[in-house]
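Peer 1: One structure coming up, written as structure tokens, with questions to follow.
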Amino acid sequence: SDDQIALFVRQRALSTEAETALRAVLAKKAEIAAVAAEISSRNAEMERIFKDQERLRENLKVLGNRSEERALVSRYTRQLEEQESRLDVLKLEMADFEARRRQLQAELDRMIGDIAF
């Protein structure tokens, strides 16, 4: 675990090479955690958009054809369109972050496999 690695490094019970390798592992794990936080943030934003879209669609269902209501229909439709555009961007970002996370994890796995005590 991160705590165990940090403990080994703090205790200076390891060779310089091993300590350097473990510090690199900790740094890589921190990179992975940062990417995971970005993914989580994007997921949360997508959830907020989905909930808002549900509300907008429910509102659209009850609106009639009066001039005031047509203005709201236009507004809600524009909001839905903007949100759909944002969702497209979020999906692309998520794919990029997922690919980055997989790449970092593969690098971490190699680093750990290469450590020799």
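Peer 1: Within segment 1-50, can you find the residues that are in contact (Cβ under 8 Å) with a residue 60 or more places away in the chain and within 10 Å of the chain's Cα centre (by Cα)?
Peer 2: Passing the criteria: VAL35, ALA36, ILE39.
Peer 1: Here is a check on your reading of the model: is LEU56 touching a Leu at 6+ places or on another chain (Cβ under 6 Å), part of a helix (DSSP H, G or I) and either modelled with pLDDT under 90 or not basic (Lys, Arg) (or both)? So that I can check it myself, show each step before the final result.
Peer 2: Details: touching a Leu at 6+ places or on another chain (Cβ under 6 Å): yes; part of a helix (DSSP H, G or I): yes; either modelled with pLDDT under 90 or not basic (Lys, Arg) (or both): yes.
Considered against the rule, which asks whether it is touching a Leu at 6+ places or on another chain (Cβ under 6 Å), part of a helix (DSSP H, G or I) and either modelled with pLDDT under 90 or not basic (Lys, Arg) (or both), LEU56 comes out as yes.
Peer 1: Could you list, ordered by first residue, the pairs with Cβ atoms under 6 Å in which the first is in segment 90-114 and within 19 Å of GLU19 (Cβ to Cβ) and the second is β-branched (Val, Ile, Thr) and surrounded by 15 or more Cβ atoms within 10 Å (Cβ to Cβ), at least 6 apart or interchain?
Peer 2: Here the result reads MET111/VAL25, each pair linking segment 90-114 to a residue that is β-branched (Val, Ile, Thr) and surrounded by 15 or more Cβ atoms within 10 Å (Cβ to Cβ).
The values are calculated or read from the model by the stated rules, or taken from the named source; none is laboratory data. What you are looking at is a predicted structure, and each value in this text was computed from that prediction instead of being measured. Cβ atoms come from the backbone with ideal geometry, glycine included; neighbour counts cover every protein chain shown.
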